[in-house]
1. Considering only residues that are part of a helix (DSSP H, G or I), of a type outside the set (A, V, I, L, M) and surrounded by fewer than 23 Cβ atoms within 10 Å (Cβ to Cβ), which ones fall in region 260-305?
2. Looking at region 157-178 only, could you name the residues that are crowded, with 24+ Cβ neighbours inside 10 Å and small (Gly, Ala, Ser)?
3. Name the residues in region 158-182 that are part of a helix (DSSP H, G or I), under 14 Å from ALA18 (Cβ atoms) and in contact (Cβ under 8 Å) with a residue 40 or more places away in the chain, would you?
4. Restricting to region 37-67, and then to whatever is without any contact (Cβ under 8 Å) to a residue 24 or more places away in the chain and over 16 Å from the mean Cα position of the chain (by Cα), can you tell me which residue is farthest from THR205 (Cα to Cα)?
5. Within region 205-215, can one find any residue that is modelled with pLDDT under 95 and either in contact with a strand residue (DSSP E or B) (Cβ under 7 Å, 6 or more places away or on another chain) or not in a helix (DSSP H, G or I) (or both)?
6. So is ILE79 at pLDDT 90 or above, surrounded by 13 or more Cβ atoms within 10 Å (Cβ to Cβ), of a type in the set (Val, Ile, Thr) and more than 18 Å from PRO43 (Cα to Cα) or not?
7. If you scan region 218-259, which residues turn out to be of a type in the set (Gly, Ala, Ser) and either surrounded by 18 or more Cβ atoms within 10 Å (Cβ to Cβ) or assigned to a helix (DSSP H, G or I) (or both)?
Amino acid sequence: MDVNMTYATQDMWTWWLAIYLYFGGLGAATLAVTFLTDMYLKPNRALVIWGAGAGVVLLALGSLMLFGHLLDKTAVLTILNPMAMLDQSTAWIAWGTQFIIWMMVWGVLYALPYVRETEFPRKVPGIRDLIDKPFVIGTAKLVQSFHRSVGWLAVINGVGVAVYTGLLLQSFPAVALWHNPAVPLLFTVSAFSTAMAFLLVLMYTLLHDQADEHVRVLYERIDLVLIAAELVILFSLYQYLKNGSESGVRSMELLWNDYGWLIGFIGFGLIVPFLLELKGVMRGWASRVPILTAAVLVLAGGYLLRHYFMYAGVYAYPW
């Protein structure tokens, strides 16, 4: 018996969810990489303050984007409740919300002792009064005693957020593009690649400490490997979709026939920065401009990945 198929591109999860997933993964991975660098590579107060501050802001902005678009506003209270994870173990938005909340808590706590040591916060009246309160002073001393433990709690939650952004999409079985094992891995690798790029931008523009040169070089090398991993995952995803269900085939056609995906994301978001960073790792650059260019392209590509993933989600209906 012949079965006719009707195709429809989903229009519920669009650019707003792409921003949520992008900011969530980028912010969490930035915090995790920053704290691991400070704990095991080189103590760096400035990097922690800037990295933690930026990471928390990105996580907060991404969460506001999600909560602002929830159809049922009372659902915000539900997903903020930790018991929601126990009531339904696959409620990924509830899991992700808890990871994000605790990521921000541990992130702020880890940076607190460093913030109290710097002069800049004391120049801001509201912050100056806050960080000199006895409770804040006591908390900072307590955190300092367990600094590495707090850092690892933040790192674990950061990895949880990065993985969750892919698991959220994978939990949607009606769209074959999302419901496959490559998506959590792809989004996790992309989150840490964009985090490396973001921290490179920070270190080459706002921090630019010569003593951090070996850290910057390491970030470039790690990002090079992560971009290569993304390309391999994308090739595997292409093969998976091409030989999979009708929904996957239609999504594949939408993506690989779109110049924004091919040229914008794969070309300028992955291949060009890969070549720039490869040249930098092998022979170096006379200036920081090529690496900064590569970092900005990686950041743009990270958003484009999620943007096109949202718009290429296809349902297939047999009738």
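The values are calculated or read from the model by the stated rules, or taken from the named source; none is laboratory data. All figures in this text were calculated on a predicted structure; none of them were measured in a lab. All Cβ positions, even for glycine, are placed from backbone atoms using ideal geometry, and neighbour counts span all protein chains on display.
1. Hits for region 260-305 are GLY260, TRP261, GLY264, GLY267, PHE268, PHE274, LYS279, GLY280, ARG283, PRO290, THR293, TYR303.
2. GLY158, ALA162, GLY166
3. Passing the criteria: THR165, LEU168, LEU169.
4. Going through the qualifying residues, I end up with PHE67.
5. yes
6. No: the conditions fail for ILE79.
7. Residues satisfying the conditions are ALA228, ALA229, SER236, SER247, GLY248, SER251.
Residues are listed down the side, and each one gets a yes or a no for (1) closer than 30 Å to TRP285 by Cα; (2) within 18 Å of the chain's Cα centre (by Cα):
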| residue | (1), (2) |
| --- | --- |
| SER149 | no, no |
| LEU153 | no, yes |
| ASN157 | no, yes |
| VAL163 | no, yes |
| PRO173 | no, no |
| GLU213 | yes, no |
| LEU218 | yes, no |
| LEU224 | yes, yes |
